[in-house]
1. If you average the alpha carbon positions of segment 205-240 and of segment 84-98, how far apart do those two centres end up, in angstrom?
2. Listing HIS198, HIS120 from the residue with the fewest other Cβ atoms within 10 Å to the one with the most, what is the order?
3. Relative contact order of the chain: what whole-number percent is it, with Cα pairs under 8 angstrom and at least 6 residues apart?
4. Too long at a 27 Å Cα-Cα cut-off: which of LYS29/LYS108; LYS31/LYS214; LYS13/LYS188; LYS26/LYS241; LYS26/LYS214?
5. Each label point is 7 Å from the Cα along the Cα-to-Cβ direction; what then is the distance between the points at LYS188 and GLU142, in nm?
6. List THR230, THR70 from most exposed to least, where exposure is judged by having the fewest other Cβ atoms within 10 Å.
7. Fewest Cβ neighbours within 10 Å first, please rank LEU117, LEU273 accordingly.
8. Please give, to one decimal in nm, the separation of the simple spin-label points placed at ARG102 and ARG272, each 7 Å out from Cα toward the Cβ.
Amino acid sequence: MLAGPLPIQLYLKRDDLLHPLVSGNKWRKLKYNLVAAQEAGFDTLLTFGGARSNHLYATAAAGQLLGLKTIGVVRGDEPALLDSPTIRFCRSVGMTIHQVSRAAFREKETPEFLAHLTQHFGSAYILPEGGTNDLAIQGTAEIMPEISTQLGATPDVVCCAVGTGGTVWGLARSAPPQTAVLGFMALKGWSPPLDPSHPNLTYQTDYHFGGYAKTTPELLRFMADFEDQTGILIEQVYTAKMLYGVLDLVRNGFFTENAAVVAVHTGGLQGRLRRPVGPPRPL
Ligand SMILES: Cc1ncc(COP(=O)(O)O)c(C=O)c1O
């Protein structure tokens, strides 16, 4: 597919379709955590995030679906944050929102802060910000074998957006040795350290478009063109940046001829920007 020095076979793994509210990598990351929370008898989930967090949104939705109480500790104490569409949704499905200052939020993993939360809200199953922990990686490790089954072959390359790293680590954990895993950093100036136990995992650091959640007219243009031409919605924080990067690498002849390249759509469409961006152009 696509004009470039070498044609490749590009596939999109539609994890965005896993569930309308608990979508993409959030479904994967929550799966075993929710089982663990229920098995341990917790009736409350407590987690952390910014006012647009996909993870808060998915946790709130999952809690409501499973009959668990949810508490969202939100970064920033400005009252206006309560008006963000994500927080409005979280509250509408029953999440208790606890705003804390940015300084306090940075301390959220200290035993003192966690003790204070437990004192305030009672005992709860705690999920880290972004949802990445060992059980989350157990969930994201299930993406790779599904890809091979759905393709009927082992892919040459699997591409995925990276925030905390929990999704690519799961992909790398279950990747066959001949499959390269490419993580596209959504943040500027940071990528997880390379891990000798996952030699097939590398990072692309040039497609952050200015930093986390930053956009440029070029990215929004690409996103609109991609959506128009494929009918598949993407969002600007993660999957659009990753796909822009993949297509740029195709144009630069990065992949071998006819390589089977799978890009993972990690969902998160609740945070998608809808902007008029002018007439369409070819990808
Ligand atoms: C839609 C979406 N894609 C990708 C990522 C990045 O995942 P990870 O934090 O596991 O690297 C996130 C953040 O968790 C996300 O919300």
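Readers should treat all values here as calculations from the given coordinates under stated rules, not as data from a laboratory. The structure displayed is predicted, hence computed values, not measured ones. Virtual Cβ from ideal backbone geometry, glycine too; neighbours counted across all protein chains shown.
1. Rounded to whole Å, the Cα centres lie 26 Å apart.
2. Result, fewest neighbours first: HIS120, HIS198.
3. Here the relative contact order equals 24 percent.
4. Going by Cα-Cα distance, LYS31/LYS214 fall outside the 27 Å limit.
5. Here the answer is 3.7 nm between the modelled labels.
6. Working: THR230 12, THR70 24.
Going from sparsest to densest Cβ surroundings: THR230, THR70.
7. LEU273, LEU117
8. 3.0
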